[in-house]
Structures are given as C-alpha cells and as structure tokens.
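One structure is given here, and the rest of the page talks about it.
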Amino acid sequence: MGTPSAASDGVARLVIGEKRHEVPLVVGSEGEVALDISRLREGAGCLVLDESLENTASCRSAITFLDGEKGTLRYRGYPVEELAERSTFTEVAYLLLYGELPRREQLAEFSRFLNESSLIHEDMHHLFVGIPKGSAPMGILATMVAALATFYPLPEELSAAEERQILANLISQVRTIAAFSYKKSIGEPVVYPSVSLRYVPNFLTMMFSSSVKDHQLEDDIVRAIDLYLILHADHEQNCSTSTVRIVGSSRTNLYAAISAGIAALWGPQHGGANAEVIRMLTSILESGGDGTEFIARAKDERSPQRIPGFGHLVYRTTDPRARVLKKCCHTLLSKPGMTDPLFDIALRLEELALRDEYFLSRNLYPNVDFYSGLILRAAGIPLNMFTVMFAIGRMPGWLANWREMRHSGKARIVRPRQIYIGQGLRKYQDMRERG
C-alpha cells in the first residue's frame, strides 16, 4: 500500500496494489486536513485500522478547537485563557451550548433558569438511602443521572422548549446530586439549592453548610472553583465526550448518554489523574523527599511508574489550562491561612522535570491535572469527589456535543468496523468427536 498524497483538486490518491482510489479531502476552518474515508470500503475494498482512534476525526464540530503542537485551546473561537480571566462558568456554558457569549439579559435569564432547574425530584431521596455506605461518588453520580430518565421521562422527539429544559436540568442537577452524595457519605442531612445564590456559591453551600453551621463563602475560593469548571468545560473529542456522542447516536434519551459519559470519565486514565497527583505529592511530603525519586523512577524504562500530571495525549507543549491553574494556585495559596506544602513540592517537582532532558525531549510538560487538585484541596473538596468535580465542569461540553450532533441533520448511529483476526471457517464437532 502506498502513501496518499494531497492533490490540488481536493482529493488524495490512494494506491493499493495496482489500483488507485481517490479519497476526498476535508479542510477544517483552522487548516486541518482530513481524508474522508466514509466510502473507502465501498470504493477501494479496504478499511482503515486506527485502534485508539488517535488519528481519526469522528465528527465535524464547531465547538472546540485544540492544537496540541501549539498548546492552543479555544471554545467557539475564544481562547480558553481569555474566558478563564474574564468570564464565568455560566457564561461559558451558554457559549458552548448556543455558540455565542450571552448578552446581559440572556445571561440573567439563563442563570435564573438554571436556578429554577436545580431541584431534583423528592422521591430520588429514597435512592440515596438505598446506596451502600462507602460507595464511589462517581458510581452514585452515574446511577442518579441515569435514574433522572425515570423521574423526568422524555418524549422521543424533543421540542425546543423541552430540549432547553433538559439541558438546564443536567447542568443544574449534576451539582445538586454531587452535593447530596457527599452529604450522604458523611452522614449529614442534605442542603437544598438556594434561589438567591449563583452557580458556584450554590454548590459550595450545598456541600459545606448545614442546619447548625453556615458556610462562609470566600470570594477567592468561589473564583478558583469557577475557573476550574471553565477550564474543564470541554476538550474536543476526548473519551467521555466521544462516548456521549456514540451513545447519543442511537437516539437513546439524553440522561442515558450523559450517564455513559460519566462512566467513561470515571476511568483513572481520563478523569482521575488529579487525585493521583495529590497522592504522589502527599507521598513525597510524608517521606521527606523532594521528588527526585519520582523523577528517577519515571525515567526508568523497567519501572511502570510515571509521574501523574505530566504529559498529555494531544499536547506536545504546555497545556494552556495548566498555565492558568498554576497562576491561580500562586494567587490562592499565597494568602494567609491558605498555604499548602503540597504546592511547594509541586513547584519543585516541575522545576526538576523541566530541567531534565528526558522530560523535555518527550514533551512531558505539566498538564491541567498537575495543579487542579491543589485548587480543589484549597476549597475543601475531598479527594474522592475530585472526578465528580470534573464531571460538573464537563457537563456543558457533553451537552453541547450532543446538541450539535442532534441538530446536524447528518446524525447516524455510530457503528465502527473491525479487522477480524480469529479462526477461519471451521466444521462443528459433536461431543464424541471432541474427546
């Protein structure tokens, strides 16, 4: 098989043995070039094998642009750094869903609608009661989101108003379910959302206040969590987002598709890395080391250990989200009473790694997970809730991708092919012949 070469007429010519096949070229708005192989099997009699789909564009999307070589991440054209500095999570959620930053009256209406949609059905409390003590928060979240379909049944065809409602439900109710799950885990009664509080203060109040204790909201913490959610709101066709699209392509109800996305995010290679970073930093602190032993083990090809929070599947330079969170950590953890020795260890570890040719030559720079856990620690979020926080942040991105797919007019059920490597045709043997 030869290598396809780009042609000026908008096709690539693929040579397979003595046959030539023309494959249309698709050019994205940022100059990315893809081969449209949707009719390759029909025209050329072959498939394309890409086992982890790292080189496969599974859809056309106008939501998020990511350039791993340049360290670029934009939501709907806006650099994520600008949104983090100047916007709020609610604004970013609106942007991802509807394509434009909201005007003042649109934001006020959207925020009010989110608040009005934040309660969950009272009968769902019975489900919380039945969940075993010590259950994983992500398991609870996936279960409860799937259960929403039974409490808020959806018609097969959604009207514009019904779609608007379910989108608001999921963005709002995911934080309510998360807070209720945490309260159950510590044996405290739940705290209901308040109509007078914005998105992040509402969540923190549900998490940390009680009937006998008011939670004092600190502006710096509120802003840091808002920032965290913005930076996690979308990230192109990652594992969980692709899962939402694949499950949604069967035209199942949206709650089921989002529950599947939560299950995908639960995996330690996707949503659990920031908790691993905190465990590593804690281990360094408790051992009295400076991180050099982790650097050495990560460089040892015989060792399975790698440094969590370094390197990324798509970034070949610094993750732009990591730069923003590092700055936030400096601001937050330099305040009186907010210091964290793990932050000092993190800075030292980054310094050691970025002076080491092993890390530099392999593009192993800090990613978003390296500093995000420190932000959550500062806010008092327990370690087992870290991935739940990721899910809260990622909800608008999942929903935007589902909505884009639903309205594309080209949505078909996702049905990948495979390369079969098993036994050829065999004759069935009766039991007596098998011996």
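Nothing in this text is a laboratory measurement; each read-out follows from the coordinates by a stated rule. Everything numeric here is computed off the predicted structure, so don't read it as measured data. A quick note on method: Cβ atoms are made from the backbone with ideal geometry, for glycine too, and the neighbour counts reach across all protein chains shown.
Starting from the eigenvalues of the Cα gyration tensor, five times each then square-rooted, give me the equivalent ellipsoid semi-axes of the chain, largest first, whole Å.
They are 38, 30, 25 Å, listed from largest to smallest.
Using a/c under 1.5 as the rounded threshold, could you call the stretch 273-378 rounded, prolate or oblate? The axes a ≥ b ≥ c are square roots of the C-alpha gyration tensor eigenvalues, and prolate needs a/b larger than b/c, oblate otherwise. Can you show the working numbers first?
On the way: a/c = 1.94, a/b = 1.31, b/c = 1.48.
In terms of gyration-tensor shape, oblate.
Would you calculate the separation in nanometres between label points at Lys427 and Arg415, each defined as 7 Å from the Cα along the Cα-to-beta-carbon direction?
Going by the 7 Å Cα→Cβ label model, 3.4 nm.
Scan around Phe310 for amide H atoms under 5 Å from its own, H built in the peptide plane at 1.01 Å from N, and keep only partners 5 or more places away or cross-chain.
Those qualifying (amide H under 5 Å, at least 5 residues apart or on another chain) are Asn367.
Checking the a/c ratio against 1.5 first, then a/b against b/c, what shape does the Cα gyration tensor give for the stretch 123-235?
Values: a/c = 1.80, a/b = 1.19, b/c = 1.51.
Judged from the Cα gyration tensor, the stretch 123-235 comes out oblate (a/c at least 1.5, b/c at or above a/b).
Does the stretch 318-398 come out rounded, prolate or oblate by the C-alpha gyration tensor, with a ≥ b ≥ c the root eigenvalues, rounded set by a/c under 1.5 and, if not, prolate when a/b is larger than b/c and oblate if not?
On the way: a/c = 2.19, a/b = 1.24, b/c = 1.77.
Oblate shape, in that a/c is at least 1.5 and b/c is the bigger or equal ratio.
Given points 7 Å out from each Cα along the Cα-Cβ axis, report the Arg104 to Glu82 separation in nanometres with one decimal.
If labels sit at Arg104 and Glu82, their model points lie 2.1 nm apart.
Need the full-extension length gain, Asn384 to Ser135, defined as separation in residues times 0.36 nm minus the C-alpha distance. One decimal, nm.
Numbers: separation 249, 0.36 × 249 = 89.64 nm, distance 1.02 nm.
Between Asn384 and Ser135, full extension yields an extra 88.6 nm.
For the stretch 245-262, what does the Karplus curve 6.51 cos²θ - 1.76 cosθ + 1.60, with θ = phi - 60°, yield as ³J(HN,Hα) per residue in whole Hz, taken in order and with x for Gly and Pro?
Working through the residues one at a time gives 5, 5, 5, x, 5, 7, 6, 5, 5, 4, 4, 5, 5, 5, 4, 5, x, 4 Hz.
Below 8 Å between Cα atoms, with a sequence gap of 6+, how large is the relative contact order for the chain in percent? Don't jump to the answer; show the numbers that get you there.
Details: 545 pairs, mean separation 82.3, N = 435.
Relative contact order comes out at 19 percent.
Rank Ile419, Ile284, Ile225 by mean-square fluctuation in a GNM of the chain with C-alpha springs under 10 angstrom and give only the top-ranked residue.
Ile419
Of Val414, Val244, Val212, which is the most mobile in a GNM of the chain whose springs link Cα atoms less than 10 angstrom apart?
Val212
Mind listing the long-range amide H neighbours of Val11? Cut-off is under 5 Å, sequence gap 5 or more, other chains count too, H placed in the peptide plane at 1.01 Å from N.
Leu25
Which one, Gly271, Ser38, Ser283, projects farthest toward the positive side of the charge dipole computed for the chain from Cβ point charges (K/R +1, D/E -1)?
Ser38
What residue among Gly424, Gly311, Gly45 has the largest mean-square fluctuation in a Gaussian network model of the chain, using Cα springs under 10 Å?
Gly424
Once both labels are modelled 7 Å past Cα along the beta-carbon direction, what's the Ala160-Lys70 spacing in nm?
According to this spin-label approximation, the distance is 3.5 nm.
Can you compute the charge dipole magnitude of the chain about its Cα centre, using +1 on each Lys and Arg Cβ and -1 on each Asp and Glu Cβ, nothing else charged? Give it in debye, rounded to the nearest 20.
On the way: 49 positive and 51 negative charges, 204 e Å.
Its charge dipole is roughly 980 debye.
In whole Hz, with x marking every Gly and Pro, tabulate ³J(HN,Hα) for the stretch 424-432 from phi via Karplus 6.51 cos²θ - 1.76 cosθ + 1.60, θ = phi - 60°.
In residue order, the calculated couplings are x, 4, 10, 8, 5, 10, 5, 4, 5 Hz.
Determine the calculated [θ] at 222 nm for the chain from helices alone, applying -39500 (n - 2.57) to every DSSP H run no shorter than 4 residues and normalising by the residue count; nearest 500 deg cm²/dmol. Can you show the working numbers first?
Working: 19 runs with 219 residues, N = 435.
The helix-only estimate for the chain comes to -15500 deg cm²/dmol at 222 nm.
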